[in-house]
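Have a look at the structure below before the remarks.
What follows draws every value from the coordinates through simple rules; no lab data is involved. The structure presented is a predicted model; accordingly, all values stated were derived computationally and were not measured. In this analysis, Cβ positions are derived from the backbone assuming ideal geometry, glycine residues included, and neighbour counts consider all displayed protein chains.
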Amino acid sequence: MTRTLEDYRSIVGDHVVSEIHRRASRLYSKHVLHVNSAYQGGGVAEMLAPLVHLLNDIGVPTGWRILHGSPDFFMITKKFHNALQGDPVNLSPVKQRLYAEANERFSFFTHIDHDCVIIHDPQPMPMISYYRKRQPWVWRCHMDLSHPNPELWSFLKRYILKYDRVVVSDESYHQPDLPIEQVVIRPAIDPLSAKNAELPEAVLTKALRKFEVPLDKPLITQVSRFDKWKDPLGVIEAFRLVKDQVDCRLVLCGSMASDDPEGQLIYERVRRQVNSQNSRRDIILIAAENSTLVNALQRNSAVVVQKSLREGFGLTVTEALWKSRPVVATRVGGIPIQIDDGVNGFLVEPADIRSCADRIVRLLKDRKLAEDLGRKGREKVRDNFLITRLLLDHLRLYEELLGTVRG
Ligand code: UDP
């Protein structure tokens, strides 16, 4: 990636670019480190790539390390992920030990002499126990923490309590039992990435052709990791109801994240469901990590769906709104931060498949309404959820933690 902050000036304006440079100048020579557990797949890696790149571009030297773990380790941390979003968990001593040991091993060869350390999500959380702490550490949780499993939460607290700040995506994720300051930073998308930039029509068409997605009927799309919280089977159910009224196609596009071992299992479940019903090839299932394809799918969708049961924020919603697409999504987690129902998209309750289908049909039939919602969606993202705003929030956080704030 060779982009610089200058490239964003035409999108966000002089004021934002100047403010970023002004804040960055207070942090010159400060060395920041981010640690997560996947290079690609999922929203965290999607944000870290441009964020880390831009921090370096503006003179705040920032590193990015990716935790190494065995399949067993990632199996355990996926269970923790599910439990943090509300599932029951069997917290055996073996799991606790494997979780800590992978972090201890990683810390052995990951030398930290930075001025500030940001740890993303639960996988690398125990790292903090294996260093003599000489700088502020932040735990950045990207998940939907509205119903964390109490047993797991109380286990993880032994680590969380060592941190200086907890950062979440929404106020509703604040945990009442933490004596640590909890702050909100909203996620954001990179408008210039291959996934979000305006690419030539020929490039988009080529991607669709490569993955055999015809445009002869209106497309309804959900782009999401194959994960039960994204409810792909619920999307198929809603699509069946839509199909009774309007002829259209459904595309379910999902990549597999390297730190998510459940992906293959869920994918197989969805594939069986599609094969058992898909007599006229009206449901297209794609398992691939391809940003241009995601861009092409979102831009060519008549309606974008995000039928999550839990959702930390939902960058797929942001991406679709930015492309002026009408979105039908569930009223869970971070989605209502982005969609005002009936203004820049539609919100439905997660169990209400009928309403989900009805909203999709309405948008398929009323293109003027669809365009209107889409236009407002783009404005919402421009004002709130672009990478430059995320960059500013990070600079503010580092300034505050490093005591470099000036008047
Ligand atoms: N994504 C992708 N290909 C896929 C599925 C997802 O590139 O097949 C991307 C998606 O475009 C978004 C991110 O992965 O940028 C998912 O982020 P989100 O916050 O929606 O959900 P998460 O996966 O982090 O739960």
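Please list, in chain and number order, the residues 5+ apart from Gly63 or on another chain whose amide H is under 5 Å from its amide H, with Hs placed from the backbone.
Sorted by chain and number, the residues that satisfy this are Val32, Leu33, His34.
Can you find, among Ile118, Trp64, Val328, the residue farthest towards the positive end of the dipole of the chain? Put +1 on the C-beta of Lys and Arg, -1 on that of Asp and Glu.
Final value for the positive-end residue is Val328.
What FRET efficiency would be calculated for the residue pair Glu212, Ala351, taking the C-beta separation as r and a Förster radius of 30 Å, to the nearest 0.05?
Once the sixth-power term is evaluated, E becomes 0.35.
Considering the chain as a Gaussian network with a 10 Å cut-off on Cα pairs, which listed residue, Gln306, Gln277, Gln222, attains the greatest mean-square fluctuation?
Comparing Gln306, Gln277, Gln222 in a Gaussian network model of the chain, the most mobile one is Gln277.
If you look at just the Cα atoms of region 258-323, how large are its Rg and its Dmax in Å?
My reading of the Cα-based Rg and Dmax gives 13.6, 35 Å.
Rg to Rh ratio, region 149-240, alpha-carbon atoms and Kirkwood radius?
1.15
Full-extension gain between Arg272 and Arg367, please, as 0.36 nm times their residue separation minus the C-alpha to C-alpha distance.
30.9 nm
Under 17 Å between alpha carbons, and skipping anything fewer than 8 positions from Lys195 in its own chain: which aspartates and glutamates qualify?
Asp7, Glu46, Glu289, Glu319
D for region 239-295, whole µm²/s, Stokes-Einstein with Kirkwood Rh over alpha-carbon pairs at 37 °C and 0.692 mPa s: what number?
258 µm²/s
To the nearest 0.05, how large is the calculated FRET efficiency for Glu379 and Glu400 if R₀ is 35 Å and r is the Cβ-Cβ distance?
Result of the calculation: an efficiency of 0.75.
Under the rule of -39500 (n - 2.57) per DSSP H run of 4 or more residues, summed and divided by the residues of the chain, what mean residue ellipticity at 222 nm is obtained, to the nearest 500 deg cm²/dmol?
-13500 deg cm²/dmol
With labels modelled as points extended 7 Å from the Cα through the Cβ direction, what inter-label distance (nm, one decimal) is found for Ser18 paired with Arg3?
If labels sit at Ser18 and Arg3, their model points lie 2.3 nm apart.
Go ahead and set up a Gaussian network model of the chain, Cα springs under 10 Å, then flag whichever of Arg299, Arg132, Arg240 fluctuates most.
Judging by the Gaussian network model, the answer is Arg132.
Can you give the three extents of the C-alpha atoms in the chain along their principal axes, from longest to shortest, in whole Å?
62, 54, 38
Pick from Trp137, Trp153, Trp322: which residue has the top mean-square fluctuation in a GNM of the chain where Cα pairs under 10 Å get a spring?
Trp153
How big is region 238-368 on each of its three principal axes, counting only the C-alpha atoms and giving the largest first in Å?
37, 33, 30
Which FRET efficiency value, to the nearest 0.05, do you get for Val94 and Leu178 by plugging their Cβ-Cβ distance into 1/(1 + (r/R0)^6) with R0 = 45 Å?
0.95
Rule-of-thumb check for region 1-116: C-alpha Rg over 2.2 N^0.38 Å?
Rounded to two decimals, the normalised Rg is 1.37.
Under 5 Å between amide H atoms, partner at least 5 residues away or on a different chain: which partners does Ser324 have, H built in plane at 1.01 Å?
Arg378
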